[in-house]
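The values are calculated or read from the model by the stated rules, or taken from the named source; none is laboratory data. Computed from a predicted structure; not experimentally measured. Cβ coordinates were reconstructed from backbone atoms using ideal geometry, including for glycine residues, and neighbour counts include every protein chain displayed.
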Amino acid sequence: MDKTKQCDCMSHFYMNNLKQFCYECPGECTECENRKMGDDTYKCTSCQDVKMTIPNNICVCPDLYFLSTSHHLCIKCDDSCTACENDGNEHSRCTACPNRDMIVKEDGKCYCPDGKFLSNDKSKCNSCTAPCNLCTNDGTDKQKCTSCYDDKMDKDKNCDCFDTYFMTNNKEDCIKCPVYCPTCVADEVDYPKCSKCVDPINMQIDIHN
């Protein structure tokens with residue numbers, strides 16, 4: 001009871017129009033009141049989270065946040081999103097991504113499609129190029145291979161061919177160097193061109209071929 005000796009609702013409750021019942025405010029409101037005469041609906045007057053605002057009489061989270069239904073607080077969207085919602089398990093699920101190439105996968109995050117990587121400014125998904133089959137951003141807007149076209153490529157070396165192999169001009173295959181060349185490169189028609197001989201004393205590279 002308040003100081004005027006009239007019955008009033010306790011904190012976090014509001015009174016119906018006939019002043020017969022107290023209804024509980026929704027969880028995201030710390031305080032609320034009856035919205036208008038003849039209508040027992042509420043309007044929030046203060047919110048659980050200082051980040052919330054009260055447009056249209058209800059507490060809402062700002063952009064890039066979603067409402068936790070169990071804690072009634074605003075939780076930040078995953079960094080891959082430009083908008084998100086509660087996935088039902090108190091985790092972020094993206095509803096919008098930084099660019100139209102991106103897709104939302106089962107974990108609720110935005111990703112570039114396979115075979116592409118996200119630019120530093122997130123404005124586009126750049127295509128991975130051979131010898132990379134799959135790639136990520138190396139931090140300088142260049143690709144870093146995570147999967148290669150050929151199993152004879154070393155992804156830890158950005159898909160360079162393993163020793164004693166040379167890369168074809170389209171960068172999609174590694175071919176074994178001849179036995180007399182420990183290292184070689186491709187010529188203009190993808191024929192091996194020795195860069196070192198197996199016996200440097202008794203063998204020399206024919207520069208005319």
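Observations, loosely collected:
- Test result for CYS125, surrounded by 17 or more Cβ atoms within 10 Å (Cβ to Cβ), at negative phi and touching a strand residue (DSSP E or B) at 6+ places or on another chain (Cβ under 6 Å): yes
- Among the residues listed as CYS194, CYS159, CYS145, CYS174, the single one being in contact with a helix residue (DSSP H, G or I) (Cβ under 9 Å, 6 or more places away or on another chain), more than 30 Å from ILE75 (Cα to Cα) and free of Cβ contacts under 8 Å to residues at least 40 places away in the same chain: CYS145
- Filter pass, THR168 being over 23 Å from the mean Cα position of the chain (by Cα) and at pLDDT 95 or above: yes
- Here is the figure for the range 93-116: residues that are surrounded by 14 or more Cβ atoms within 10 Å (Cβ to Cβ) and over 18 Å from ASP78 (Cβ atoms) total 2.
- Qualifying position, being out of contact with any helix residue (DSSP H, G or I) (no Cβ under 9 Å at 6 or more places or on another chain), farther than 26 Å from CYS94 by Cα and among the hydrophobic types (A, V, I, L, M, F, W, C), among CYS61, CYS77, CYS25: CYS25
- Scanning the range 153-164 for residues that are among the basic types (Lys, Arg) and surrounded by 17 or more Cβ atoms within 10 Å (Cβ to Cβ) yields one hit, LYS155.
- Here LEU134 meets the list (1) free of Cβ contacts under 8 Å to residues at least 24 places away in the same chain; (2) in the same structural domain as MET153 (by TED's automatic domain parsing); (3) buried (at least 20 other Cβ atoms within 10 Å of the Cβ) almost entirely, failing just condition (3).
- Matching entry among CYS128, CYS184, CYS194 (being of a type outside the set (D, E, K, R) and modelled with pLDDT of 95 or more): CYS128
- The range 152-180: number of residues that are closer than 22 Å to SER127 by Cβ and in a loop (DSSP other than H, G, I, E, B): 8
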